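Working notes for the structure below.
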Amino acid sequence: MGRGRPREFDEDATLERVMHTFWKRGYDETTFEQLVADSGLSRSSLYNAFGGKDELFRKAFDLYVEREEDEFVGMLSDDEQGGEYLRSLVQTFRDPYNPRSKGCLVQKTMLQNAADGGKPSHEKRLAECMHRVWEGFRKALRSRRRKKPKKMTERERAALLVAIMYGITVICRNGRHQELVKAISDGTAKLIED
C-alpha cells in the first residue's frame, strides 16, 4: 500500500494561526469554518492534520501554554527579576492598547467555561495553568518582600475587592480549587481589616 502525499504546509505555523483564532474569539465563538479560513487550509486538510475543533483547541492551548504561559511564569519565578516583572505587569493593565490588558487564552477559556457551566475537557488544563500562575505570583511577591510595602488607599482596596469578587466567581465556576479559593478568601479578609 502506498503512502499518501506529504503535507505541503507548515503544521507549526498553521497551529499558531489556529491558536491566535481561539485566543481572539474564544472556544465558544470559534467555528470550524473560521479555523479553516484562518488556517488557509481546506476543511479536509485541516481535519486530517489536526482533527476536529476539540482536538485543535487542545493542541492550540498546549502551544499557548508552551510559548506564552511558560515564559510568563518563568519571568515571575525569576528570583532576581520576578518582583520587578510583576510590578511592570501590573502597569501594562493600565494601557488598553497593550495586548496583555485584553487577557490571555487561559483567561478567555476560564470565562467561557464559567459562563456555560464548564467543559470537563478544559477543567484539568485550566486548573494546572491557574496553579502555575499562582505559584509564579507567590515567587514574585517573595522577591519583592525586601521592599517596604506602601499602604493602600480605600479607593485602591475597593477596586481590588471588585476584581477579587468577580475573579473568585470565575475561579469557582471552573472546578474545585479549594486551596486557591481559601487563600483568596483569607487574603481578602486581611485586606478588609487592614
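The values are calculated or read from the model by the stated rules, or taken from the named source; none is laboratory data. Bear in mind the structure is a predicted one, so any value in this text is a computation, not a measurement. Every residue, glycine as well, gets a Cβ built from its backbone with ideal geometry; the counts of neighbours run over all protein chains shown. Quick note on the areas: whole protein, heavy atoms, side chains included, nothing else; ligands and nucleic acids left out. Shrake-Rupley method; radii C 1.70, N 1.55, O 1.52, S 1.80 Å.
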* **Complete set of residues in the stretch 163-191 that are among the aliphatic types (A, V, I, L, M), at pLDDT 80 or above and over 19 Å from the mean Cα position of the chain (by Cα)** => ALA183, ALA189
* Structure fact -> Exactly one of SER143, SER121 is small (Gly, Ala, Ser) and open to solvent by 30 Å² or more (accessible area, probe 1.4 Å), and that residue is SER121
* All positions within the stretch 27-55 that are closer than 13 Å to GLU11 by Cα and either without any contact (Cβ under 8 Å) to a residue 40 or more places away in the chain or basic (Lys, Arg) (or both) -> SER39, GLY40, LEU41, SER45, LEU46, TYR47, ASN48, PHE50, GLY51
* Identify, by number, the condition in (1) at pLDDT 85 or above; (2) aliphatic (A, V, I, L, M); (3) in a helix (DSSP H, G or I) that LEU41 doesn't meet. => (3)
* **Hits in the stretch 44-53 (condition: part of a helix (DSSP H, G or I), open to solvent by less than 60 Å² (accessible area, probe 1.4 Å) and in contact with a Phe, Trp or Tyr (Cβ under 9 Å, 6 or more places away or on another chain))** => SER45, LEU46, ALA49, LYS53
* Asked: Checking THR31 against (1) open to solvent by 60 Å² or more (accessible area, probe 1.4 Å); (2) at pLDDT below 85, which single condition isn't satisfied?
  -> (2)
* Tell me, please, whether a residue that is open to solvent by less than 40 Å² (accessible area, probe 1.4 Å) and part of a helix (DSSP H, G or I) can be found in the stretch 169-177. => yes
* **Extreme residue, surrounded by the most Cβ atoms within 10 Å (Cβ to Cβ), among residues of the stretch 56-79 that are over 20 Å from ASP10 (Cβ atoms) and charged (D, E, K, R)** => GLU69
* Qualifying positions in the stretch 72-102 - under 19 Å from LEU160 (Cβ atoms), at pLDDT 70 or above and of a type in the set (Gly, Ala, Ser) -> GLY83, SER88
* Asked: If we keep just the residues of the stretch 103-118 that are surrounded by fewer than 16 Cβ atoms within 10 Å (Cβ to Cβ) and over 12 Å from the mean Cα position of the chain (by Cα), which is modelled with the lowest pLDDT?
  -> GLY117
